[in-house]
Every structure is written in structure tokens, then in C-alpha cells.
Amino acid sequence: MIELNNFQQRLMATPEELDVFMGGGRGGGKSYGLALVCLRHVEQYGEKARVLYLRRTYKGLADFELICREVFGMVYGSAARYNSAEHVWRFPNGGYLELGQLETQADYTKYQGRSFTLLIVDEAGQYPTPELLDLMRSNLRGPRDMPIRMIVAANPGGPGHYWLAKRYVFTTAPWKPFLEPKSKRQWVYAPSTYESNHFIDTDQYSDQLESACPDDPELLRAWKTGDWAVNRGAYFASVLDEQRNAVDPWNEIPDDWSTWLAHDFGSSAPSATYIVAEAPGGLGPDGKYYARGSLVLVDELVTCKRDSPNAGLNWTVPVLAEEIVKMCKHWDVKPWGVADDAIFAKGGHAAGSIADEFSRAGVSFTAAKKADRITGWNIMRRLLADAGKPDKPGLYISRHCSYLWETLPTLARDQKRVEDVDSTGPDHGADAVRYGCLRRTACVGGVIKIRGMY
């Protein structure tokens with residue numbers, strides 16, 4: 001009898017119609033779980049089952065090969081045959097499992113024109129971009145009555161950290177199906193950690209992880225907790241934590257929460273607008289407790305080119321204002337808030353300032369406290385660090401804010417002024433949030449006042 005840990009049980013209970021991103025920390029039992037998925041697929045579909053397990057190098061196949069020998073040996077004994085030269089398992093019922101290597105476009109020619117019913121990519125974080133893996137999806141083909149499936153496994157912290165996080169992690173809550181636009185398939189984000197794997201000595205394994213990265217606390221946190229908000233050496237690395245700061249998308253904003261917009265304007269560069277909701281203290285619509293004064297970034301509107309977070313769409317103010325108003329109507333909030341003070345410059349033309357154009361289009365902004373960037377960053381960092389504390393206000397970010405989750409963890413420090421963010425990076429979302437956090441400090445007697453609006 002094969003015993004499973006909790007993560008593996010949940011993985012096996014996930015419907016086969018769903019593709020899976022196994023994105024936890026180290027030691028959670030992902031590799032063993034992959035072997036079990038292969039075993040079930042072969043048992044269910046017999047000679048129709050054609051499974052391909054991929055790693056970036058042949059050397060990386062060795063560990064999974066040993067796990068397969070253990071698992072398949074318990075079930076089939078010597079009846080399941082492995083050809084070590086071809087890296088192919090052949091099972092008594094005609095099923096087939098190939099352990100393959102894919103590193104470059106040239107490697108893909110080995111698989112071109114072939115069909116597989118289950119595609120598994122392990123240690124996907126070793127791929128700096130997704131193009132090769134997206135190309136492999138064209139090899140997923142099977143009979144009409146047989147589900148095809150792709151499973152991707154990765155730990156946070158590798159070269160592919162950010163495209164994996166953007167595509168699979170900061171989309172919805174773990175274990176909840178979501179539509180992934182590139183593949184047009186329903187996926188599930190399935191995280192795991194070593195602490196839930198009762199088959200290993202967790203204390204000993206924790207010591208091993210700590211000894212492996214004694215001078216890299218962010219990487220250690222990623223390995224231990226599976227936190228995809230980690231970015232080593234980044235400005236927010238020590239205060240941004242997916243488990244603390246990420247919240248599931250909301251359907252509504254409670255009436256007793258204060259709301260405002262936080263906006264950073266751009267044309268050739270992206271503009272970023274966030275709906276900020278401030279907690280009165282108590283439960284939110286997601287059932288989570290938010291301390292009084294906590295801020296939740298509920299939704300975002302960012303005008304950037306696909307896969308180019310630092311390139312804008314050159315929208316005019318009327319077009320942008322129209323979209324902001326639409327977003328506000330969706331959430332039943334008023335289109336007003338704070339923005340970078342550069343939009344209030346008159347510019348020497350009859351049309352007035354950019355802020356005047358927004359006002360004529362129905363969006364009212366007041367100037368943010370932008371003079372002291374460091375103060376703003378420190379307030380924002382403190383709110384991020386205090387998220388989850390019952391007695392202190394924190395800053396929470398909806399998983400729906402995909403641009404912010406893509407860019408915020410990657411922002412570097414300014415090399416000449418380490419207390420500041422490097423403004424050459426995609427800091428547009430972060431700047432908007434900073435303005436929103438500064439506006440919170442204008443609270444007087446429990447009521448936040450916006451100049452010219454009350």
C-alpha cells in the first residue's frame with residue numbers, strides 16, 4: 001500500500017481536467033507526487049497513456065528515475081521495464097513514460113510531431129522564459145474520450161521565478177481553478193512545504209536548508225515557505241510576503257470601508273491606478289480580519305504593453321479617464337483620489353494641466369505628498385511588514401492586481417541612494433501605491449480628508 005502525505009492526497013484528488021502548477025517550497029513531496037500521477041495515468045488509460053516527463057538537463061533526471069524505480073517497483077515488481085539508454089519506462093498494460101531533456105530550441109526537434117497525453121515539466125524555474133514549454137503543449141494530443149493534461153512543478157527563486165509567479169501564482173487563491181489565457185486551459189496552483197510532509201525529519205531538513213543559504217534569508221524563506229513574493233536583494237524583499245500580503249479577489253467593497261484612487265500617470269510609460277480600501281477594523285468580505293487602518297488594494301488599471309512592464313500604451317487622458325470611471329462604477333466607488341503632483345503642472349497651454357483634463361472627464365485627483373520619497377517608501381514598507389498583525393494596520397494586495405505582483409517583488413534599490421527605489425525599473429505601480437499610503441497619513445480624527453473634495 002502506498003501512503004501519501006496531505007499535499008499528495010490533495011494533488012491526486014484534483015480533477016484530471018485541470019492542469020496543475022505545483023509551486024511550493026522544497027521538501028514538500030512534489031517529485032513523489034509526480035510519480036504517483038504518472039502511475040495513475042498509466043493504470044487508467046493503459047496502452048493509450050503516453051507520458052513525457054521533462055527536465056532541462058539529463059543530469060536532472062537521475063533523482064526522478066530513482067523515485068520511479070521505488071514507486072513502480074512496489075506496484076509492478078519487475079514487470080515494468082526501464083530502458084536506461086532511452087530513458088523510457090514500458091508498463092505491462094502498454095503504457096509508456098519517457099524521461100526527457102529540453103534545454104534549447106534544437107532539443108525540441110526530438111519531440112516534434114510526437115503525441116503525449118500527459119506532459120510533466122519538473123524544476124520549471126530553471127527556464128528563464130516560457131517559450132519552450134509553451135511550444136511543447138502542441139505535443140499534447142489524445143483520443144476524444146481521454147483527458148490531456150500538463151503539470152508544471154517549480155520552487156521559487158530560480159531564473160524563471162517571475163514568469164511562473166505572474167502566470168500561475170498571483171492569479172487566484174491556491175487550489176482554486178482559474179483560466180490561464182496563454183494555454184486557454186483551467187489551471188490550479190498547488191503549493192506545498194516541507195513542514196506538511198510527515199515522511200521526512202522536518203527539523204533535520206530545516207537545518208539542511210539553513211546551512212545551504214546562510215547569507216541569503218530571502219532565498220531561505222522561499223525554500224521553506226514556498227513564497228513567490230521573494231526576490232533576493234530587491235527593495236521590498238524583507239517585507240513582502242505572499243502568504244501575508246496576498247488576498248483573494250473580492251466581489252464587493254463593504255459600505256463602511258473608506259475608498260480612494262491612487263494614480264501614477266504615464267503615456268509612453270505605463271499609468272497605474274489602484275482602488276484603495278481602508279478597513280474600519282473587523283472582517284472583510286473574504287472573512288479575513290483586517291486591523292483598523294489597514295489598506296487593501298482591491299483592483300488595478302495599468303496601461304502597459306503585454307510582457308513589457310515598463311512600456312505604456314500612449315493612451316490619452318480622456319481614454320484613460322473613461323476606463324478609470326468604468327472601474328469605479330464596477331466597484332461602486334467614487335472616481336477620486338491622489339496622483340503624482342506632476343500632473344498638476346499647467347504646461348503653458350490653454351487646456352490647463354493633466355489633472356484638469358481628468359477633472360473634465362469625471363475623475364478628480366489631488367496632489368500626493370510626493371516631495372519626500374523615502375518617507376513614502378518607509379510608510380509603505382511598514383504597512384507591508386505589519387500585514388497579518390491583529391493590532392497593527394497592514395497593506396494587502398489582491399491577487400487580481402497582477403501588474404503589481406509582477407513588478408513589486410523585482411524592484412531594485414537605487415545603487416547611489418540605497419534607501420530609495422531604482423526609478424529606471426517598472427516602478428509605476430509601486431509609485432501609485434506609495435501615493436495611496438501617504439494619503440492614509442492625512443487621517444484626522446478618524447476621517448480622511450481630501451483637499452477640494454469635502
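Annotations
- Three principal axis extents of the range 297-341 based on alpha-carbon atoms, in descending order, are 30, 21, 20 Å.
- For the range 1-111, radius of gyration divided by Kirkwood radius, i.e. Rg to Rh on alpha-carbons: 0.95
- Relative to its residue count, the range 244-448 spans a Cα convex hull of 124 Å³ per residue.
- Taking Glu406, Glu323 and counting other C-beta atoms within 10 Å, the order from fewest to most: Glu323, Glu406
- Comparing Cα centroids, the range 168-182 and the range 121-152 end up 16 angstrom apart.
- For the range 256-325 and the range 68-111, distance of Cα centres in Å: 48 Å
- Pairs from Lys48/Lys176; Lys30/Lys224; Lys305/Lys326; Lys184/Lys326; Lys184/Lys305 whose Cα-Cα separation, in the structure shown, is over 23 Å: Lys48/Lys176; Lys184/Lys326
- Percent of Cα-Cα distances greater than 36 Å, calculated over the chain: 36 percent
- Beta bridges per DSSP, both residues in the chain: antiparallel share near 50 percent.
- Exposure proxy ranking, count of Cβ atoms within 10 Å, fewest first, for Tyr435, Tyr168, Tyr108: Tyr108, Tyr168, Tyr435
- Cα extents for the range 6-196 along the principal axes, largest to smallest and rounded to whole angstrom: 43, 39, 36.
- Rounded to 5, percent antiparallel among DSSP beta bridges of the range 104-253: 35 percent
- Here Glu103, Glu17 are placed in order of increasing Cβ neighbour count within 10 Å, fewest first, which gives Glu17, Glu103.
- DSSP-defined beta bridges in the range 266-368 - what % are antiparallel, rounded to 5: 75 percent
- Virtual spin-label span in nm between Ser84 and Lys334, 7 Å along Cα→Cβ: 7.5 nm
Every number here is computed from the coordinates shown, using simple stated rules; none is lab data. Note that the structure is predicted; figures quoted are calculated from it, not measured. Backbone-built Cβ (ideal geometry, glycine too); neighbour counts: all protein chains shown.
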